[in-house]
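Working notes, beginning with the structure itself.
None of the figures in this text is laboratory data; all of them are computed from the coordinates on show. Being a predicted model, the structure only gives us computed values, none of them experimental. Cβ placement follows ideal geometry from the backbone for every residue including glycine, while neighbour counts extend to all protein chains displayed.
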């Protein structure tokens, strides 16, 4: 489910298959003009409150078919950077990471099988429509990552300085679990450990914030 005018608009204009769009009488249904293939159904405010996942429901909600993305191959990821998430659990963090990836033009995110579901309503809401442009792939990282034969950069406390590291022009950037970081079997696959230098006393960075810093630095180096 996607809720709110912005998110619903993004999905309608994407390649996703929309089942039905529900809206309340107060909603100015301009979305009708975006697609003649979508079924629009007006419902009461009371019914919207029953189906919404939000404490304060918005005036429009879309039910969308979950896509089946094809298996990633190495040629799909060449000459670009791809995010890899190892056990990210918080829906808000994943939603923010997806939105950040969209901002920096990252189109694929590879997730471990125990990463929070990208189609969790809280994740969808946090992406603010960016989920319509970013592909999420859930897989066994230990099996897939060696097969891709790409540089693997791991966010770790003990690693090369992110501001002086040489990332080249392509690779996988692996971010770990909120509490435990990268699991040992993933650490063994890392070709270059990268750290964000700490100047203060905080023990760690939020994974979504750390991901944004990585994306910003990768973008900066490519524009140099």
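Starting from the Cα gyration tensor of the range 116-217, take the square roots of the eigenvalues, sort them a ≥ b ≥ c, and report rounded, prolate or oblate (rounded when a/c is under 1.5, otherwise prolate if a/b is larger than b/c, else oblate).
Oblate.
Over what distance in Å are the Cα centres of the range 174-224 and the range 78-153 separated?
Here the answer is 14 Å between Cα centres.
Once you sort the root eigenvalues of the Cα gyration tensor of the range 140-189 as a ≥ b ≥ c, which label holds: rounded (a/c under 1.5), prolate (a/b larger than b/c) or oblate (the other case)?
oblate
For the chain, set up a GNM with springs between Cα atoms under 10 Å and report which of 202, 26, 193 has the largest fluctuation.
Result for the chain, Cα springs under 10 Å: 202 fluctuates most.
Mind ranking 37-46, 139-148 by how tightly packed they are, going by the mean number of other C-beta atoms within 10 angstrom, highest first?
With the highest mean Cβ count within 10 Å placed first, the list reads 139-148, 37-46.
Could you work out which residue, out of 110, 66, 190, moves most in a Gaussian network model of the chain, that is, has the largest mean-square fluctuation with Cα springs under 10 Å?
Maximum fluctuation in the GNM of the chain, among the listed residues, is at 66.
Given the DSSP H assignment, sum -39500 (n - 2.57) over each helix run of at least 4 residues in the chain and divide by its residue total; what's the result at 222 nm in deg cm²/dmol, nearest 500?
Per the formula, -8000 deg cm²/dmol.
Counting other beta carbons within 10 Å of each residue's own, what order do 86, 102, 114, 158 fall into, fewest first?
158, 114, 102, 86
Applying 1/(1 + (r/R0)^6) with R0 = 22 Å to the Cβ-Cβ distance of residue 54 and residue 17, what FRET efficiency is obtained, to the nearest 0.05?
The pair residue 54/residue 17 has a calculated efficiency of 0.45.
Sketch the reach of a paramagnetic label on residue 198 as a point 7 Å from Cα along Cα-to-Cβ, and name the residues of the range 69-107 whose backbone nitrogen lies under 18 Å away.
No residue passes the distance filter.
Anyone know which of 49, 89, 80 comes out most mobile in the 10 Å Cα GNM of the chain?
Judging by the Gaussian network model, the answer is 49.
Report the antiparallel proportion of the DSSP beta bridges in the range 74-223 as a percent, rounded to a multiple of 5.
5
What FRET efficiency, computed as 1/(1 + (r/R0)^6) with R0 = 30 Å and r the Cβ-Cβ distance, is obtained for residue 205 and residue 170, rounded to the nearest 0.05?
After rounding, the FRET efficiency stands at 0.75.
Checking the a/c ratio against 1.5 first, then a/b against b/c, what shape does the Cα gyration tensor give for the range 2-64?
Prolate is the answer for the range 2-64, as a/c is 1.5 or above and a/b outweighs b/c.
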